Amino acid sequence: GQGVIDLVASYDYVEGIGIDDPFEYPEFTQISNYIDDFLVNYPNETDFWEILNKNLVTELLTEPIPTEFGFDYQLGEVLDSLTVDMGVQSGSGDVFIPRSSIVTGTPGTEVNLDESWSFVLEDYAIEHQGQGVIDLVASYDYVEGIGIDDPFEYP
């Protein structure tokens, strides 16, 4: 379905990047274009946001990123880690609760993933020491390997 997301990609470079070749630094618009293409052409509309985000991080760290400069970036070679925070706005997928998937990938012989999820109940009416309104945030970290064999492991 339709969704509106706020996406923040942040990455830590390997030690010594750019010392011998300043072009080792990936130019961010090339990565942004790749992410846009990934999201527009994502093949499975029924995947949970967590799975989409996990697949995005894994692909960014393992697949060549084409550039307009005539060569490809290999982010797994120049990054210590990559984190994508995907904030899903209220109303996306007909769910009126804002939520967020955060996936951090560490490249290696295979990509190691650390995943977390949060959601917010905004303007929640509560009676405690009188009437009040709170924003309640629930945030949790997933166990390593969640969803690999069964995507319905995600709560």
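Data table
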| read-out | value |
| --- | --- |
| Options T83, T46; residue that is hydroxyl-bearing (S, T, Y), within 26 Å of G147 (Cα to Cα) and surrounded by fewer than 14 Cβ atoms within 10 Å (Cβ to Cβ) | T46 |
| Candidate set: the range 105-133, residues that are in a loop (DSSP other than H, G, I, E, B) and more than 29 Å from L82 (Cβ to Cβ); chosen: the one most open to solvent (accessible area, probe 1.4 Å) | Q129 |
| Restricting the range 5-23 to residues that are of a type in the set (V, I, T) and open to solvent by 80 Å² or more (accessible area, probe 1.4 Å), the residue that is farthest from I35 (Cα to Cα) | I19 |
| Selection count, the range 24-42, where residues are touching a residue at least 24 places away in the same chain (Cβ under 8 Å) and polar (S, T, N, Q) | 1 |
| Pairs, first among the charged types (D, E, K, R) in the range 127-153, second surrounded by 10 or more Cβ atoms within 10 Å (Cβ to Cβ) and assigned to a loop (DSSP other than H, G, I, E, B), C-beta under 6 Å, six or more apart | E153/I146; E153/G147 |
| Candidate set: the range 70-104, residues that are touching a residue at least 40 places away in the same chain (Cβ under 8 Å) and assigned to a loop (DSSP other than H, G, I, E, B); chosen: the one farthest from V143 (Cα to Cα) | G91 |
| Filtered residue count, the range 107-126, keeping only those that are more than 15 Å from I97 (Cα to Cα) and touching a residue at least 60 places away in the same chain (Cβ under 8 Å) | 1 |
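The values are calculated or read from the model by the stated rules, or taken from the named source; none is laboratory data. It should be emphasised that the depicted structure is a prediction, and the values quoted were computed from it without experimental measurement. Ideal geometry is used to build each Cβ from the backbone, glycine not excepted, and the neighbour counts take in all protein chains shown. Areas reflect the complete protein model, heavy atoms only, side chains present, ligands, DNA and RNA absent. Shrake-Rupley method; radii C 1.70, N 1.55, O 1.52, S 1.80 Å.
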